[in-house]
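Since the structure comes first, as structure tokens, the remarks are kept for the end.
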Amino acid sequence: MTAVQTAPGPLELDEPAARIYVELSERLRKASPSEAAPELARISTRIRRDILTTIQAAGMGHVGGDLSVTDLMVTAIWGSLRLNPFQPDDPQRDRFVLSKGHCAAALYSTLASCGFFPQHRLTDFMGPLSPLNGHPNRVKVPGVETNTGPLGHGFPVATGCALGGKLRGEPWRTVVVLGDGEIQEGSNWEAAMTAAHYGLENLTAVVDRNQLQQGARTEETKGLEPLDQKWASFGWEVRVIDGHDHQAIKEAFGPSTTGRPVAVIANTIKGKGISFMEDRVEWHHKVPTDEQVRLALEELSR
Amino acid sequence: MTAVQTAPGPLELDEPAARIYVELSERLRKASPSEAAPELARISTRIRRDILTTIQAAGMGHVGGDLSVTDLMVTAIWGSLRLNPFQPDDPQRDRFVLSKGHCAAALYSTLASCGFFPQHRLTDFMGPLSPLNGHPNRVKVPGVETNTGPLGHGFPVATGCALGGKLRGEPWRTVVVLGDGEIQEGSNWEAAMTAAHYGLENLTAVVDRNQLQQGARTEETKGLEPLDQKWASFGWEVRVIDGHDHQAIKEAFGPSTTGRPVAVIANTIKGKGISFMEDRVEWHHKVPTDEQVRLALEELSR
Amino acid sequence: MTALDAPTLTFDCRADFADELIALARADERIVAVCNDSVGSSNLVAFREEFPDRLINVGIAEQDLVGVSAGLANAGYIPFVSAAAPFLTGRALEQIKADVAYSDRHVVLCGQSPGMAYGELGPTHHSIEDLSWMRAVPGLQIVVPADPAQTRSAVRWAAASGRPSYLRIPRFKVPAVTPPDAPFERGRAVRLVEGTDVTLIAVGTMVSRALEASDLLNEQGISARVVNMTFVEPLDVPEVLAAAEDTSAIVTAEEGLVSGGMGAAVARVVAESRPVPIRMLGVPTFAPTGSTSFLLDHFGLNAAGIVGAAREALGQG
Amino acid sequence: MTALDAPTLTFDCRADFADELIALARADERIVAVCNDSVGSSNLVAFREEFPDRLINVGIAEQDLVGVSAGLANAGYIPFVSAAAPFLTGRALEQIKADVAYSDRHVVLCGQSPGMAYGELGPTHHSIEDLSWMRAVPGLQIVVPADPAQTRSAVRWAAASGRPSYLRIPRFKVPAVTPPDAPFERGRAVRLVEGTDVTLIAVGTMVSRALEASDLLNEQGISARVVNMTFVEPLDVPEVLAAAEDTSAIVTAEEGLVSGGMGAAVARVVAESRPVPIRMLGVPTFAPTGSTSFLLDHFGLNAAGIVGAAREALGQG
Ligand SMILES: Cc1ncc(C[n+]2csc(CCOP(=O)(O)OP(=O)(O)O)c2C)c(N)n1
Ligand SMILES: Cc1ncc(C[n+]2csc(CCOP(=O)(O)OP(=O)(O)O)c2C)c(N)n1
Ligand SMILES: [Mg+2]
Ligand SMILES: [Mg+2]
């Protein structure tokens, strides 16, 4: 017996939101990092709220990593890159790839904020037949560049994007965000070597260095340090920053100064912004109770 | 119609050769590097001869990489490790793993020289139903630790061997030999991270740094430099040596001085010892004519 | 006798997996568990507490996970490699082929949360392909326990088998379906219900649903045999031949792709020896979003779906 | 009409693969070739000379190979990923699943030297598993050209298809078997010989051997139809049904594992619609050492083996 279930419709453009994104993000892109930072911080707070309510509605999600990546993602998408919600596959768009695909709620919240689809659709997250699957699906969600979820996939794909852009001689660029636990996957080091070999100065790889993976701290599980030296020895220009400082992030997302691809090691806090979640391994995929969401939203509005 | 073909018999111990190996290798192991070097050089020349005639008989093989790895392999197996041809699966044996499995002819020649099987069986190399397959098969060839051939497999397996030895608190050690092209495989960097994390000072990884891979130079194909810094940043004690200097090799195969696993970057020449093969990419798997083998053997007897 | 009779207790078999592994580890110090940042999801926290050195976590690195395990076997250990099934089988396939199967190493690969157990996490986290992929690795024994008792038996059996194997550990909750006296032997299926018209051959989560279907068919005057195939490799060929001999049609059901899975193994035996009509139930393609039970219903992998397939195969569709 | 009539020219199809790719690349600047240190073994030296920037070598790194190719597709290119079949399919399987098939990227995966083409190099270099593994990746089109003409058609077709596909490019020398007027269409088989008693369904290197077997069977008074299945996915279901309808038995032959390969796809259609006796020829397990032709004979993958299987299936064994 096949269940009868009406699928939620496809995701459609939120035109007013898209218009705002196009204008405001252009201003923020052109602004100096210090000028842009306050607005980027405001957007980040909004995204954090959306992440929390989205996960609350779904009763599932990866809240810790969503909150650690928020400021990075917002600064990339609102403050550094040029995406096009009106034509999501615009050949000249910049590419944003979320390699740590389990943080789909952060990506969906951010894409909705840009008008790729209406914010209210976030309540479909992981619902039956929803396009908003637990991990991003590019076929169903405009703005997603490649399907991620298994760790270590987005970076090679992003490398291919950047290589393609360079071969074409086009000006758009690619930013890929990796988890720190994720870079234990060897596929990333293959991509790191490829990007350096091909001199992909149009590629920025961001490590969300929150020190935690699924089960424990990275350095207890399988140590990554000295992480900056790893990237440098693989031929990358390395920038180590505070991954919650929008000004520092926007600066770090600026162009390569060496002709080499740029690795941004962004020191972050898993669960950032919610005191009882911060730096606690269990919030990798623990789901907040309604009361916890209330407290969390309260913290964010302070 | 199933072809009627008598399989060559299983490989059996060559007792006299094994006796010599056990005695001589013990002497060489205990000797100083400079004392041991001349004998190791003599054995290496013999192995080079066997490699050439083995490939000649088979009409196939990877002669360039066989000749670049010979001095490393001979110094490991004859001059540093304790293998046991009388009981190939002796739990207390040292482990020698050839990760660059395409150099099976070098491994078979060396194992035969230790008496794991009679030298005359080398003429079976790649013959119909022969145990001496084009890539090493541990089920059929005593002395082989794991089946290799696809690049990037032997190193993780060797890491597991060393981890097992350490868990058991046993004194035996593991040496794994990698191709330089091979380390473009990400699986190696996963193993490098694991070995460092678990402090496997009983593991030595040797990179046969002959600067060539199958189709071209490594630095043209996908650059590996600065290779020493890559290993150091992954937490290894690094030793850079001349991979044809038996004294230097034996020194480099000595114990870790830092409690960390040891990476030996052995600068070698692909096709080493045969003037017309040296450092030429086509000899990766070109097969010498009978006349070329004659010339090559002549060069070796000088 | 079946799930319809009474409200049935259901079990996440990971608990039995972990308990049995701990029991084995107490008796045999060669047993080690090897993980990819999956200590919690594999339910191995208690194992780690009791045997901290024998729980090896290689981090998020599946190729290394399997290669290191082959090396541990080389060093005399019996590694139970415990990782989410899609990553274990998909990411480390060549290591499973070369380092484990072709090298004939006694490594026990434990695919956790297989099939569509990670429902809403989507196709990247579903492992609908594992049985097909693993069946195409020569020399690998493949076991799909259907309930807690079989999970424990599978763990014990694999530890003693001396050869490489793949165990598919259920996470989706299942009722107990195995009679206490049922044998657990290499290549041996368990016949749960006798029947003369049609044979329902199922594995894992589908076994209890086949039992339900058998009850429903009975009510419709159709006598349905139910076989829990347990070993996908080696297959219980005599049991398949008996089905083709004694009953007029066969329905296979598995929580995985139809292409190349358990049903394909059954179909091959039947096609080569005694052709009878077959219906093969499984997952046809990448699943949409939804919970495991939603998706099972979505694809007709339930009692009603099995009943429909059985009637169709009998020409009573 | 068949290989027995005259001394037959045989071809290594890599030359046609490379020539056709160059011709395409001249006409369409989106075509790029992506390699893993396999420029020579894929016969792409001439391609590189003509299009040095469009030959991308990622070195010995198959996961990256496929991921980068998916990214190149994202950037508007049509990547032909050319690597030895065992490493492409076995090492990059999860990338093929997630980055190519599930992401629905127009990437053309070209498995070079498949089956047992690397005879003496052994099972690590054989790709007897690829068809089974690739069949269990939903959404991937699978094409097995049987000769130079089909190799060229497959390359052209894949470049235009807009969807992900896997092409299995023969290296072991094969004769031309495809009539000049034969169609090359998605999901369409080519019937090479008419016949009424038994149908021989083959792919790739086995097609010419099936033609030989058909001649031999004819001499024995058995009329054997020969079908080149070409598309393993999507399968030509009507052609399989016609075989089950028109002839009394089916023999399938492929240079690969029987578990889950082309034969399994055929068996499923037959079992679910019109059961007839089938014999499935293929490679049963890891091969011993030997040349390709030695191994094909060793496993009975030749005209005599096909004849024997056909007689057996017809009950004349
Ligand atoms: C190949 C693969 N192996 C395992 C997992 C399971 N998994 C999901 S998230 C996660 C931890 C990731 O840690 P990290 O990359 O540090 O992400 P973050 O801390 O930002 O959430 C793991 C192991 C996976 N998704 N993919
Ligand atoms: C996974 C994998 N990809 C590709 C190959 C094909 N291959 C065999 S040898 C070789 C080159 C190896 O180069 P290197 O490691 O430098 O070895 P050496 O120079 O010592 O011969 C390649 C690409 C392989 N064996 N395995
Ligand atoms: Mg982290
Ligand atoms: Mg080399």
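The values are calculated or read from the model by the stated rules, or taken from the named source; none is laboratory data. Here the structure is a predicted model, which means the values were calculated and not measured. Every residue, glycine as well, gets a Cβ built from its backbone with ideal geometry; the counts of neighbours run over all protein chains shown.
Applying the criterion of being hydroxyl-bearing (Ser, Thr, Tyr) and facing another protein chain (nearest Cβ under 7 Å) to the residues of the stretch D:87-123, the residue that is farthest from C:Phe87 (Cα to Cα) is D:Ser103.
In the stretch C:19-38, the residue that is nearest to the other protein chains (Cβ to nearest Cβ) out of those that are buried (at least 21 other Cβ atoms within 10 Å of the Cβ) and part of a loop (DSSP other than H, G, I, E, B) is C:Asp37.
Among the residues of the stretch B:182-208, which ones are of a type in the set (Gly, Ala, Ser) and either within 12 Å of chain A (Cβ to nearest Cβ) or within 16 Å of ligand 1 (Cβ to nearest atom) (or both)? Matches in the stretch B:182-208: B:Gly186, B:Ser187, B:Ala191, B:Ala192, B:Ala195, B:Ala196, B:Gly199.
Only one of D:Asp16, D:Asp64 is more than 8 Å from chain A (Cβ to nearest Cβ) and in a helix (DSSP H, G or I). Can you tell me which? That would be D:Asp16, the only listed residue that is more than 8 Å from chain A (Cβ to nearest Cβ) and in a helix (DSSP H, G or I). From the list B:Thr6, B:Thr54, B:Thr70, the one residue that fits, being surrounded by fewer than 24 Cβ atoms within 10 Å (Cβ to Cβ) and out of contact with any strand residue (DSSP E or B) (no Cβ under 6 Å at 6 or more places or on another chain), is B:Thr6.
Yes or no: B:Leu83 closer than 19 Å to B:Pro131 by Cβ, touching a strand residue (DSSP E or B) at 6+ places or on another chain (Cβ under 6 Å) and not in a strand (DSSP E or B)?
Details: closer than 19 Å to B:Pro131 by Cβ: yes; touching a strand residue (DSSP E or B) at 6+ places or on another chain (Cβ under 6 Å): no; not in a strand (DSSP E or B): yes.
Taking the combined requirement at face value, the residue does not satisfy it.
The set of residues in the stretch B:184-211 being within 16 Å of ligand 2 (Cβ to nearest atom) and in contact with a Lys or Arg (Cβ under 7 Å, 6 or more places away or on another chain) consists of B:Gln184, B:Asp208, B:Asn210, B:Gln211.
When restricted to residues that are in contact with a Lys or Arg (Cβ under 8 Å, 6 or more places away or on another chain) and not in a loop (DSSP other than H, G, I, E, B), the stretch A:212-225 contains 1.
Checking each residue in the stretch A:204-216 for being more than 29 Å from A:Gly254 (Cα to Cα) and either more than 9 Å from ligand 3 (Cβ to nearest atom) or crowded, with 24+ Cβ neighbours inside 10 Å (or both) picks out A:Gly215, A:Ala216.
When D:Ser293, D:Ser259, D:Ser214, D:Ser223 are checked against the criterion of being of a type outside the set (A, V, I, L, M, F, W, C) and within 11 Å of chain C (Cβ to nearest Cβ), D:Ser259 stands alone in meeting it.
Please verify whether A:Pro128 is closer than 24 Å to A:Val293 by Cβ, more than 16 Å from ligand 4 (Cβ to nearest atom) and modelled with pLDDT of 95 or more, treating the condition exactly as stated. Here the answer is yes, as A:Pro128 does meet what is asked. Count of the stretch D:148-159 residues, restricted to those that are surrounded by 24 or more Cβ atoms within 10 Å (Cβ to Cβ) and over 15 Å from D:Leu88 (Cβ atoms), is 5. Counting only residues that are assigned to a loop (DSSP other than H, G, I, E, B) and more than 8 Å from chain C (Cβ to nearest Cβ), the stretch B:139-181 holds 12 of them. The strands (runs of 3 or more DSSP E) found wholly in the stretch C:78-170 and carrying at least 2 residues that are within 13 Å of the chain's Cα centre (by Cα) and either in contact (Cβ under 8 Å) with a residue 12 or more places away in the chain or within 16 Å of ligand 4 (Cβ to nearest atom) (or both) occupy C:108-112, C:141-143, C:165-169. Applying the condition of being in contact (Cβ under 8 Å) with a residue 24 or more places away in the chain and under 19 Å from the mean Cα position of the chain (by Cα) to the stretch C:264-284 and asking which residue is nearest to the other protein chains (Cβ to nearest Cβ) yields C:Ala264.
Give the stretch B:44-78 a look and list any residue that's more than 15 Å from ligand 2 (Cβ to nearest atom) and on the phi > 0 side of the Ramachandran plot, or say none. Selection gives B:Gly59 alone. Quick check on B:Ala31: is it away from ligand 4 (no atom under 16 Å from the Cβ) and more than 14 Å from chain D (Cβ to nearest Cβ)? Yes.
Would you say A:Thr54 is within 16 Å of ligand 3 (Cβ to nearest atom), in a helix (DSSP H, G or I) and more than 14 Å from chain D (Cβ to nearest Cβ)?
For A:Thr54, the condition - within 16 Å of ligand 3 (Cβ to nearest atom), in a helix (DSSP H, G or I) and more than 14 Å from chain D (Cβ to nearest Cβ) - is not met.
Screening C:Ala265, C:Ala271 for residues that are over 30 Å from A:Asn147 (Cα atoms), of a type outside the set (Val, Ile, Thr), in contact with an Asp or Glu (Cβ under 8 Å, 6 or more places away or on another chain) and in a helix (DSSP H, G or I) leaves exactly one candidate, C:Ala265.
Consider C:Phe47 carefully, then state whether it is farther than 18 Å from B:Gly186 by Cα and either within 11 Å of chain B (Cβ to nearest Cβ) or within 16 Å of ligand 3 (Cβ to nearest atom) (or both). It is false that C:Phe47 is farther than 18 Å from B:Gly186 by Cα and either within 11 Å of chain B (Cβ to nearest Cβ) or within 16 Å of ligand 3 (Cβ to nearest atom) (or both). Of the residues making up the stretch A:105-131, not one is free of Cβ contacts under 8 Å to residues at least 40 places away in the same chain and within 9 Å of chain C (Cβ to nearest Cβ).
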